[in-house]
1. Would you pull out the residues with amide H under 5 Å of VAL103's amide H, same chain only if 5 or more places away, H placed 1.01 Å from N?
2. Under a point-charge model restricted to the Cβ atoms of Lys and Arg (+1) and Asp and Glu (-1), what is the dipole moment magnitude of region 105-215 relative to its Cα centre, in debye to the nearest 20?
3. How far is helix 82-94 tilted off the main Cα axis of the chain, in degrees rounded to 10, range 0 to 90?
4. Expressed as a rounded percentage, what relative contact order does the chain have, with Cα pairs under 8 Å and six or more residues apart?
5. Counting only heavy atoms of protein chains, what accessible area per residue, in Å², does region 36-121 have with a probe of 1.4 Å?
6. Using just the helices of the chain, give the 222 nm mean residue ellipticity in deg cm²/dmol: DSSP H runs with n ≥ 4 each add -39,500 (n - 2.57), and the total is spread over all residues, rounded to 500.
7. Amide H to amide H, which residues 5 or more places from CYS199 or on other chains are under 5 Å from it, using H placed in the peptide plane?
8. Averaged per residue, what accessible surface does region 220-291 expose to a 1.4 Å probe, in Å²?
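The values are calculated or read from the model by the stated rules, or taken from the named source; none is laboratory data. All values derive from a computational prediction rather than experimental measurement. Because the Cβ atoms are built from the backbone with ideal geometry, glycine has one as well, and the counts that use them run over all protein chains shown. When the accessible area is computed, the model is the full protein with side chains, heavy atoms only, and any ligands, DNA or RNA have been set aside. Shrake-Rupley method; radii C 1.70, N 1.55, O 1.52, S 1.80 Å.
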Amino acid sequence: MQFEPTAGGALKIDGRRTAKDVRARIKTDVSALLADGIQPGLAVVLVGEDPASAIYVRNKIRACERAGIRSVAHRLSADTSADALMSLLDDLNADPTIDGILVQLPLPDHLDTDAVIAKVRQDKDVDGFALGNLGALTAGQPGLVACTPAGVMEMLGRYFAQIGESMSGKHAVVIGRSVTVGKPMALLLLQANCTVTVCHSRTPDTAAHVRRADIVVAAAGRPELVKADWLKPGAAVIDVGIHRREDGSLCGDVEFEPATQVAGGISPVPGGVGPMTIAMLLDNTLVACRRRRRDVAHP
Ligand code: NAD
């Protein structure tokens, strides 16, 4: 698979095509496990009726089915008690047929998100949000890596392979420091031997940092924050943000069209990081299954 140029000249770092490729590889790997009598299983827990969350959950379940992964959705009412949710998580933690557990966020206000994340067994935490998995990433040890940053790394890896360059030694600027995106992203780039700068809402002049970046990962959650004149010519730009404009169209954290005339490669919104996040969830489920059931498959 090769990324094609955009009208502006930059290569389109196409998440949809990359995700398709990753999903095809996962399907083959799942078939091999099935031949060993093992079917990876993912449990998705949704509390409440948030419409966006319901769509995310539906997409995740559908992606599992297509990959041959067994999925079980637990849809709980918005007034579900903490005890009831924790008891369900106990059951899923103990269920040998479940390899991955994903609790769709955000949770209703009366539930303690940190406590819920902490309840999920670390080796089934396919979201990679558990403290143990964040710690493993920080220490450079095997764990489960948060899906969105993992997807960004897959896209960047393919882009740099295509242009015949290494990420090692590149200056990467991550805009955003959330526990789910910015921080793990910075750690993964560091693991790939980039020199990493993290900008956030208190950074006085984010543009000045971005101008020195060979790699920009925009995850600020601010529509079209990053302008074309912030970019170093030839930079690789991955746009994690996703926003709906008043006219109903979608945009990211980067002003896409003008940026395509300056960047060397850029991911679009939609069709960029979004599809990769789901593909990496499937991958994490497969990884979790292999690790936990390795002894069963190959006694
Ligand atoms: P968040 O709100 O938790 O974090 C945003 C971060 O950006 C914060 O650390 C903040 O300090 C920083 N920030 C805010 N304004 C800034 C500014 N003007 N300059 C520099 N830094 C600034 O958001 P998040 O959960 O990390 O998500 C970020 C974006 O990515 C959102 O648009 C979200 O919808 C999107 N997202 C997309 C996917 C996907 O699968 N495509 C997954 C997760 C998040």
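1. VAL45
2. Values: 10 positive and 10 negative charges, 54 e Å.
With Lys and Arg at +1 and Asp and Glu at -1, about 260 debye.
3. Roughly 80 degrees, rounded to the nearest 10.
4. Working: 586 pairs, mean separation 66.6, N = 299.
Answer for the chain is 22 percent.
5. Values: 4150 Å² over 86 residues.
In whole numbers, region 36-121 has 48 Å² accessible per residue.
6. Values: 10 runs with 128 residues, N = 299.
Rounded to the nearest 500, it is -13500 deg cm²/dmol.
7. Amide H neighbours of CYS199: VAL174, ILE175, GLY176.
8. Details: 2880 Å² over 72 residues.
Using a 1.4 Å probe on heavy atoms only, each residue of region 220-291 averages 40 Å².
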